[in-house]
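Worksheet for the structure shown next.
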Amino acid sequence: YSEEVKAIIGIDPTLPQMSEYFGDDVFPTMPKYTEYMAPIGIARLLAYVTPDNILPLSEKGTYTEVNLKMAKSIVAAKYINKAVVKETNEIKNNFDLTTNMTFPSDLPVMIFTPKEQYVEGKSKIDFYNTQLQNIKNNKLVVLEGQHYLHWTHYKEMSENLNEFVEGLK
């Protein structure tokens with residue numbers, strides 16, 4: 001998509017080479033029956049019974065009650081649907097198909113990643129740095145937090161993104 005894609009921005013993205021780097025070849029799968037959780041109301045029930053598992057992890061007051069209610073509604077309607085189940089079950093195949101691909105050196109790439117503990121001497125920070133090393137315009141932003149950094153660092157991420165894009169002009 002070189003005519004359409006002008007840059008790649010990732011929030012703690014899972015890249016195919018991660019499996020080999022971390023020595024982890026366990027890929028998640030979901031049984032087919034889970035695609036019916038949303039249509040029959042189980043996802044809605046989970047959204048209301050265990051909201052802490054599905055709502056944004058953030059400081060109190062970051063999101064209004066209206067925002068949180070909307071998030072519950074979206075999760076209830078879209079969580080674990082046919083597309084999510086199919087996508088999850090294709091992760092291994094997609095990794096296998098793309099494992100030798102790299103970012104084009106002339107395509108700007110920015111990655112946000114949480115600061116995390118090393119796994120047997122390896123970290124996502126080191127991994128992403130190796131992925132970015134041959135890219136002319138790249139930026140790795142390390143933030144305190146968990147995988148869903150946009151829930152807690154949206155302002156800082158927005159500032160970094162705007163700065164990165166401005167630097168490309």
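Computed per residue of the chain from DSSP H runs no shorter than four, each worth -39500 (n - 2.57), the mean residue ellipticity at 222 nm is -12000 deg cm²/dmol.
Between beta-carbons, use under 14 Å as the cut-off and find the net charge around residue 145, counting Lys and Arg +1, Asp and Glu -1.
Once all neighbours under 14 Å are counted, the net charge is -2.
For region 55-169, the alpha carbon positions stretch 44, 35, 35 Å along the principal axes, listed from largest to smallest.
Dipole size of region 38-79 about its Cα centre, with +1 on Lys/Arg Cβ and -1 on Asp/Glu Cβ: approximately 160 debye, rounded to the nearest 20. Between residue 112 and 10, 11, 12, 141, the built amide H atoms are under 5 Å apart, and every one of these is 5 or more places off in sequence or on another chain.
The stretch between residue 24 and residue 52 holds 7.3 nm of extra length on full extension. This uses 0.36 nm per residue minus the Cα-Cα distance. Rounded, prolate or oblate for region 110-155? Axes are the square roots of the Cα gyration tensor eigenvalues, ordered a ≥ b ≥ c, and the cut-off for rounded is a/c under 1.5. Cα axes put region 110-155 in the oblate bin. Taking a ≥ b ≥ c as the square roots of the eigenvalues of the alpha carbon gyration tensor, region 1-58 is prolate, as a/c is not under 1.5 and a/b beats b/c. Place +1 on the Cβ of every Lys and Arg and -1 on the Cβ of every Asp and Glu in the chain, take the dipole about the Cα centre, and give the residue among 142, 111, 83 whose Cα lies farthest towards its positive end. Result: 83, furthest along the dipole toward the positive end. Straight-line cross-link reach from residue 82 at under 17 Å between alpha-carbon atoms covers these aspartates and glutamates, not counting any fewer than eight positions away in the same chain: 35, 90. Taking the charge dipole of region 1-110 about its Cα centre, with +1 at Lys and Arg Cβ atoms and -1 at Asp and Glu Cβ atoms, the residue from 1, 43, 14 reaching farthest to the positive side is 43. For residue 169, the lysines whose Cα comes closer than 19 Å to its Cα, not counting residues fewer than 8 places off in the same chain, are 6, 136, 139. Taking each of 72/122; 32/92; 92/122; 60/115; 60/155; 92/155 in turn, the alpha-carbon distance tops 24 angstrom for 72/122; 92/155.
Each reported figure results from applying straightforward, stated rules to the coordinates on display, with no laboratory input. Note that the structure is predicted; figures quoted are calculated from it, not measured. Note that we place each Cβ from the backbone using ideal geometry, even for glycine, and neighbour counts take in every protein chain shown.
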